[in-house]
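Here the structure is laid out as structure tokens; the discussion comes afterwards.
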Amino acid sequence: MSENKRISNLYQSIYNGEPWLEVTLDDTLKNVSAEQAYRKINPNLNTIWEIVNHLIQWRRNILRRVQGETVTTPDHNYFVPVLDSSEAAWEQSLQSLAKSQELWSAFFEDFNDSDLEKIYPSNNHTYYEHIHGIIQHDVYHLGQIVILKKLL
């Protein structure tokens, strides 16, 4: 199996597979209501919804980088208040997360292992580091979501 395929499987498992850590984004979020996702548990903490939107934007950012684009990260680091707290808007965020997973899966279909060594010029990190970084980023925030859910 190619390295690219192994990484793709790892990324998929965190979203909705059977990862070693036994927690996935899809399972964790599937029974969270818009009201719960929007609820501010502590003024110093982000909401579940804010974290989900942050994940989507970072997934898009890194995907664009490994497709050869130079992306400028905004000062707010993709943490922005949710303006529409409706159930439909929450469903849209979950759909956007699912769509970002599909885009990554499609990307891996045509990606060559040799491209893992490519360097992203803005920070001199390899594509390999960026791709593993976005997986680590998902897992880091997944842990936060799990804790926030327990505090609801």
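Quick note: the coordinates plus some simple rules give every number you see, no bench work behind them. Bear in mind the structure is a predicted one, so any value in this text is a computation, not a measurement. For neighbour counting, all protein chains shown are included, and Cβ atoms are generated from backbone atoms with ideal geometry for every residue, glycine included.
Things worth noting here:
- Among the residues of region 42-100, the one identified as acidic (Asp, Glu) and within 15 Å of the chain's Cα centre (by Cα) is GLU50.
- Selection within region 10-41 - over 14 Å from LEU94 (Cβ atoms) and assigned to a loop (DSSP other than H, G, I, E, B): GLY17, GLU18, PRO19, TRP20, LEU21, GLU22, VAL23, ARG39, LYS40, ILE41
- In region 10-20, the residues that are surrounded by 12 or more Cβ atoms within 10 Å (Cβ to Cβ) and more than 20 Å from GLU117 (Cβ to Cβ): GLN12, SER13, ILE14, TYR15, ASN16, GLY17, PRO19
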